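Just so it is clear, none of the values below were taken in a lab; they were calculated from the coordinates. This structure is a prediction, so every number in the text was calculated from the model and none was measured. Here the Cβ is made from the backbone with ideal geometry for all residues, glycine too, and neighbour counts use every protein chain on show.
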Amino acid sequence: MALNEQQLKHLKTWQASGLSQTFYCQVNGLNKNTFSEWFTTYKALPQYIAPALIALKLTPLFTWLKTVSAPELPEYSRLKRA
């Protein structure tokens with residue numbers, strides 16, 4: 001089964017939305033079983049790239065502020081404290 005542009009658009013929009021398949025289908029008036037078949041076909045395509053998790057290192061703002069000099073700070077950080 002080949003996917004048409006509208007089906008591909010739904011699949012990509014659903015993946016970007018973070019919604020469950022069931023909820024996305026309900027909101028968009030799609031049959032969940034049909035949508036699942038589209039997704040199975042989509043995953044089999046050679047250009048399909050599974051979403052990946054990317055590791056991030058988060059640093060609290062006050063720690064970051066200790067490491068930069070005043071000229072490097074963004075303008076909004078120079079506001080007077082109330």
Segment 5-44, Kirkwood Rh and Cα Rg, ratio Rg/Rh at 0.91
Here, THR13 and THR40, labelled 7 Å along Cα→Cβ, have an inter-label distance in nm of 2.4 nm
Residue separation between ASN4 and GLN26 times 0.36 nm, minus their alpha-carbon distance, gives in nm 5.9 nm
